[in-house]
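Here is the structure we will look at, set down as structure tokens.
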Amino acid sequence: QVQLVESGGGLVQAGGSLRLSCAASGNILMITTVAWYRQAPGKQRELVADITSGNSKRVVDSVKGRFTISRDGAMYPVYLQMNSLKPEDTGVYYCNAEAYGGTTLSGPLYQYWGQGTQVTVSS
């Protein structure tokens with residue numbers, strides 16, 4: 001089991017910045033990838049960025065150049081630095097972890113989610 005807790009959301013004006021944090025606990029050695037998703041009102045949840053246990057990073061095109069995912073080595077929390085925020089970035093941001101269920105890096109992978117943190121960007 002993995003537990004995830006997000007923090008850092010809030011209300012910011014367009015052009016501003018926020019840094020989200022995702023703290024992980026439990027069977028964290030079995031985590032392979034940590035991702036940030038967001039869900040705007042009335043829309044489906046979408047991937048924003050992810051980072052693997054080997055620190056390979058990816059961000060989606062809509063936030064490229066503005067958002068950065070990072071961590072200190074293999075440590076937690078995983079951060080999402082969001083700069084030049086736009087009103088369309090408004091939504092609930094969720095941390096997701098993909099992890100093996102046992103004590104070895106094999107077998108089925110499970111998805112874990114945090115409760116989410118609200119980000120509101122005003123125009």
(request) For the chain, give the share of DSSP beta bridges that are antiparallel, in percent and rounded to the nearest 5; count only bridges with both residues there. (result) 90
(request) Skip the ligands, DNA and RNA, and give the accessible area per residue of region 18-70 with a 1.4 Å probe, whole Å². (result) 53
(request) Assign unit charges at the C-beta atoms only (+1 for Lys and Arg, -1 for Asp and Glu), then state the dipole size of the chain relative to its Cα centre in Debye, rounded to the nearest 20. (result) 180
(request) Could you list which residues have their amide H under 5 Å from that of residue 116, counting only those 5 or more apart in sequence or on another chain, with H placed in the peptide plane? (result) 6, 95
(request) For residue 2, list long-range residues whose amide hydrogen, built 1.01 Å from N in the peptide plane, is under 5 Å from its own amide hydrogen. (result) 27
(request) Can you tell me how much longer the chain between residue 29 and residue 113 gets when fully stretched, taken as 0.36 nm per residue apart minus their C-alpha distance, in nm with one decimal? (result) 28.6 nm
(message) Residue by residue through region 5-17, what is 3J(HN,Hα) from phi via Karplus (6.51 cos²θ - 1.76 cosθ + 1.60, θ = phi - 60°)? Round to whole Hz and write x for glycine and proline.
(response) 9, 9, 8, x, x, x, 9, 9, 7, 4, x, x, 10
(request) Would you please state which residues of region 73-105 a label at residue 40 would reach in this model, taking the label point 7 Å out along Cα→Cβ and a backbone N cut-off of under 14 Å? (result) 85-93
(message) At R0 = 25 Å, how high is the FRET efficiency between residue 75 and residue 123 if r is their beta carbon distance? Nearest 0.05 is fine.
(response) 0.10
(message) Run the simple label-point estimate for residue 84 and residue 104 please: 7 Å along Cα→C-beta, distance reported in nm.
(response) 4.7
(message) I need to check one value: relative contact order of the chain, counting alpha carbon pairs closer than 8 Å and at least 6 residues apart, in percent.
(response) 35
(message) Considering only protein heavy atoms and a probe of 1.4 Å, how much of the accessible area of region 1-83 is carbon and sulfur, as a whole percent?
(response) 50
(message) How far apart, in nanometres, would the label points at residue 13 and residue 58 be if each is projected 7 angstrom from Cα along the Cα-to-Cβ direction?
(response) 3.7
(request) If a/c stays under 1.5 just call it rounded; otherwise compare a/b with b/c (prolate if a/b is bigger, oblate if not). Do that for region 5-47, with a ≥ b ≥ c from the square roots of the Cα gyration tensor eigenvalues. (result) oblate
(request) Amide H neighbours of residue 67 under 5 Å, at least 5 residues apart or on other chains, H built in the peptide plane: list them. (result) 83
(request) Decide, for region 24-109, between rounded, prolate and oblate: order the square roots of the alpha carbon gyration tensor eigenvalues as a ≥ b ≥ c, take rounded if a/c falls under 1.5, and otherwise choose prolate if a/b is larger than b/c, else oblate. (result) prolate
(request) Pop out the ³J(HN,Hα) list for region 87-99 in order, Karplus 6.51 cos²θ - 1.76 cosθ + 1.60 with θ = phi - 60°, rounded to Hz; leave Gly and Pro as x. (result) x, 6, 7, 4, x, 8, 9, 10, 8, 10, 10, 10, 8
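The values are calculated or read from the model by the stated rules, or taken from the named source; none is laboratory data. In this text the structure is predicted, and so the values were computed from the model without any measurement. For neighbour counting, all protein chains shown are included, and Cβ atoms are generated from backbone atoms with ideal geometry for every residue, glycine included. Side chains are part of the model used for accessible areas, which takes the heavy atoms of the whole protein and leaves out ligands, DNA and RNA. Shrake-Rupley method; radii C 1.70, N 1.55, O 1.52, S 1.80 Å.
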